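Worksheet: the structure to be examined is printed underneath.
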Amino acid sequence: MNSFNDAIAQAVAATGAFELEQAKKLITVPTDTEHGNFTLPCFVLARSLHKAPKVIAEELAPKIELPNGICKVEAVAGYLNFFIDRKFLAKSILEAVFSQGLEYGHAESNGKVVCMDYSSPNIGKELAFHHLRSTMIGNSLARIYKAAGYKVVRINHLGDWGTAFGKLIVMYLREKRPTDQATLDSLTVKELNILYASFSKAAEAEPGLEDEARAAFSKLEKGDDFYHQLWLAFRAATLKELMRIYKMMGVDFDYYTGESFYEDKMPAVIQDLEAKGLLERSEERDVVKLDEYKLNPCLIRKSDGSTLYATRDLAAAIYRKKEYNFDKSLYVVDLGQALHFKQVKLVLKKMGYNWHDTLVHIPFGVILNLIDGKWEKGKTRTGKAKLLRDVIEAAQQKILDFINQKNPELENKELIAQQIGISALTFNDLKNHRLMDVKFDWDSALSFEGATGPYVQNAHVRLCSIMRKAGYDVTLQDVNFDQLLDDAAYELIKLLAKKSEKILKACETDEPCELAQYALDIAGAAHKFIHDDRVLGSAEEKSRLFLVKCTQIILEDVLVLLGLFPVRNM
Ligand code: ARG
């Protein structure tokens, strides 16, 4: 639709009345299409031309040479209203969708690289429900950026280093668990979860335990072989389960370079900080002060020599810049870490890295669960947090119950139920602006009506099912575009034409909800078209079937860009 805007601006500028850029900026899309599809107010010219806007518009209208695809211009009360030629629009858009397929609306490569750090859970424990947010927002943004022309480097900055591992080691040894390799190899994340919980419990009664854990981590960091062996086993056990869940969710990364990966890269960073005179002693720790920004100091190294979260993020940022030469580096991490990312950026600035500003924290709100009548943020330590795998399983089961009622013969119904269930959870997370908290409740997330995953999935399934029932494949030669001019078809085609604009908007604002809303709009317009314009058995069957096919293609890709599974049958 942007190309219409530009073409109209050019035609108007050719009359000499408007500057090209000025016209581009002034043209808007009125909500009521009775006043045209595009409108240009002439008020700005009144002063220089010493004429009433109404007169200006009336004089200009006949002088404008209508660009391709615009069939009429009307002067009304100081506005120039332009009308799209429905047939031209239908033909140009649907031909393009048909020839470009799923890629329609994707941008050409812009030669830019973006690093995307998402999901990045702390391992040693299982994924909790709240990990869904970073995972799915990041997964979707990675796909959106790629569609917008970027080269995307997808990074999982696993929390696989730090005091948490000291805790696990202390508890493992205290419980005198066997440390032979075979036992270590068979460890599961469930056992680690229990271990972690018992540490927290024991530490409440015995405050000295926290110090022991810190000491254990420090020993690990100094290269103790035995501790390293334990750590490796803990890491492997969690990673195995993590990969199982990512695979189920359709989530992917290029690198699993967690915090431990930067262990050998930190000394150089600390040296650099020292050489630049930025490292100061404060309360027995080495810090970089940020007083001039009215921020707390960034902690770099503890008194026992062990490093911290920020140290590893500094090393990671510098490594990524060197390795991938990114134009932009995104961190999809909850709002609670805003200060941390501010500190990291400012330390990089003080170190003289002029690219510090290309690091962007993409924060998001929390998931709230209804616990005892109150909306609460689940916590692992209280044991109240829901595990992501439990939520996925429950979603799958609920959808399966539904399928068993409606369509018990469906092939592969377990897998389809799982995919619809995961998609429903994802959509529920992505449908609003990411900074909003997500109030999670089963009924609204899994409903087949309203702004939900199942609703958009169902629209896609209906389109697929019409194509299946037709029993043949339509192509361009089958289409008579004069049969696609009614309101329901036209509204749908206008929406399809917006795909590239929506992708770019989602990318510029880092908001997958732009595409979630778009998917809802397409689903609504598709339902209306199918309802108003009977497809199968009508005189216009082939033309309408072609529009069904093009809509299915667009919707499928939009679902994929959101990280949903475009299920074809349910
Ligand atoms: N592991 C961290 C957490 O669970 C998130 C890491 C985000 N990425 C980063 N580069 N700091 O809170």
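The values are calculated or read from the model by the stated rules, or taken from the named source; none is laboratory data. From a predicted model like this one, the values you see are computed outputs, not experimental measurements. Neighbour counts are summed over all protein chains in view; Cβ atoms, including those assigned to glycine, are modelled from backbone coordinates with ideal geometry.
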Of residues in the range 426-437 being of a type in the set (A, V, I, L, M, F, W, C) and buried (at least 22 other Cβ atoms within 10 Å of the Cβ), the one nearest to residue 512 (Cα to Cα): 430
Going through the range 50-93 in order, the residues found to be more than 39 Å from the chain's Cα centre (by Cα), closer than 18 Å to residue 33 by Cβ and charged (D, E, K, R) are 72, 74
Can you name the strands (runs of 3 or more DSSP E) wholly within the range 272-383 that have at least 1 residues being touching a Phe, Trp or Tyr at 6+ places or on another chain (Cβ under 6 Å) and either at pLDDT 95 or above or more than 22 Å from residue 122 (Cβ to Cβ) (or both)? 328-332, 359-362
Regarding the range 390-400, can at least one residue be identified that is surrounded by 13 or more Cβ atoms within 10 Å (Cβ to Cβ), modelled with pLDDT under 95 and not in a helix (DSSP H, G or I)? no
Do we have residue 153 as aliphatic (A, V, I, L, M), closer than 16 Å to residue 329 by Cα, away from the ligand (no atom under 16 Å from the Cβ) and surrounded by fewer than 23 Cβ atoms within 10 Å (Cβ to Cβ) here? no
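Based on what the data block shows, is residue 474 surrounded by fewer than 21 Cβ atoms within 10 Å (Cβ to Cβ) and among the aliphatic types (A, V, I, L, M)?
Judged against the criteria, residue 474 is a match.
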Residue selected from the range 312-358 under the condition within 14 Å of the ligand (Cβ to nearest atom) and among the polar types (S, T, N, Q), by the criterion nearest to the chain's Cα centre (by Cα): 329
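Regarding the range 408-428, can at least one residue be identified that is assigned to a helix (DSSP H, G or I), aliphatic (A, V, I, L, M) and in the same structural domain as residue 198 (by TED's automatic domain parsing)? Quick ask: steps written out before the conclusion?
Step one: of the range 408-428, the residues assigned to a helix (DSSP H, G or I) are 413-428.
From what's left, aliphatic (A, V, I, L, M): 415-417, 420, 422, 424-425.
Narrowing further to those that are in the same structural domain as residue 198 (by TED's automatic domain parsing): none.
Checking the range 408-428: not a single residue is assigned to a helix (DSSP H, G or I), aliphatic (A, V, I, L, M) and in the same structural domain as residue 198 (by TED's automatic domain parsing).
Which one of these is assigned by TED's automatic domain parsing to the domain that holds residue 138, surrounded by fewer than 16 Cβ atoms within 10 Å (Cβ to Cβ) and not polar (S, T, N, Q): 322, 350, 328, 302?
Numbers: 350 fails: surrounded by fewer than 16 Cβ atoms within 10 Å (Cβ to Cβ); 328 fails: surrounded by fewer than 16 Cβ atoms within 10 Å (Cβ to Cβ); 302 fails: surrounded by fewer than 16 Cβ atoms within 10 Å (Cβ to Cβ).
After ruling out the rest, the residue left standing is 322.
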Which members of the range 239-262 meet the condition of being in contact with a strand residue (DSSP E or B) (Cβ under 9 Å, 6 or more places away or on another chain) and either surrounded by fewer than 19 Cβ atoms within 10 Å (Cβ to Cβ) or not β-branched (Val, Ile, Thr) (or both)? 252, 253, 254, 255, 256, 258, 259, 261, 262
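Among the residues that make up the range 175-185, is at least one of them out of contact with any strand residue (DSSP E or B) (no Cβ under 7 Å at 6 or more places or on another chain) and surrounded by 17 or more Cβ atoms within 10 Å (Cβ to Cβ)? It would help to see each step written out before you state the result.
Restricting attention to the range 175-185, the residues satisfying the condition of being out of contact with any strand residue (DSSP E or B) (no Cβ under 7 Å at 6 or more places or on another chain) are 175-185.
Pick out the ones that are also surrounded by 17 or more Cβ atoms within 10 Å (Cβ to Cβ) and you get 184.
Yes; the residues of the range 175-185 include at least one that is out of contact with any strand residue (DSSP E or B) (no Cβ under 7 Å at 6 or more places or on another chain) and surrounded by 17 or more Cβ atoms within 10 Å (Cβ to Cβ).
Among 98, 129, which is the only one that is surrounded by fewer than 20 Cβ atoms within 10 Å (Cβ to Cβ) and within 16 Å of the ligand (Cβ to nearest atom)?
Numbers: 98 fails: within 16 Å of the ligand (Cβ to nearest atom).
It is 129.
Take residue 266 and decide whether it is touching a residue at least 24 places away in the same chain (Cβ under 8 Å) and within 15 Å of the ligand (Cβ to nearest atom). I'd like the intermediate steps shown before the answer.
Numbers: touching a residue at least 24 places away in the same chain (Cβ under 8 Å): yes; within 15 Å of the ligand (Cβ to nearest atom): yes.
Yes: the conditions hold for residue 266.
Which of the residues spanning the range 1-22 are outside any helix (DSSP H, G or I) and more than 13 Å from residue 37 (Cα to Cα)? Let's see the steps before the verdict.
Taking the range 1-22 and keeping what is outside any helix (DSSP H, G or I), we get 1, 14-19.
The answer is 14, 15, 16, 17, 18, 19.
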Some residue of the range 112-121 being surrounded by fewer than 21 Cβ atoms within 10 Å (Cβ to Cβ) and farther than 30 Å from residue 194 by Cβ: yes
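In this structure, is residue 495 out of contact with any helix residue (DSSP H, G or I) (no Cβ under 8 Å at 6 or more places or on another chain), aliphatic (A, V, I, L, M) and in a helix (DSSP H, G or I)? If you could, list the steps in order and put the result at the bottom.
On the way: out of contact with any helix residue (DSSP H, G or I) (no Cβ under 8 Å at 6 or more places or on another chain): no; aliphatic (A, V, I, L, M): yes; in a helix (DSSP H, G or I): yes.
Taking the combined requirement at face value, the residue does not satisfy it.
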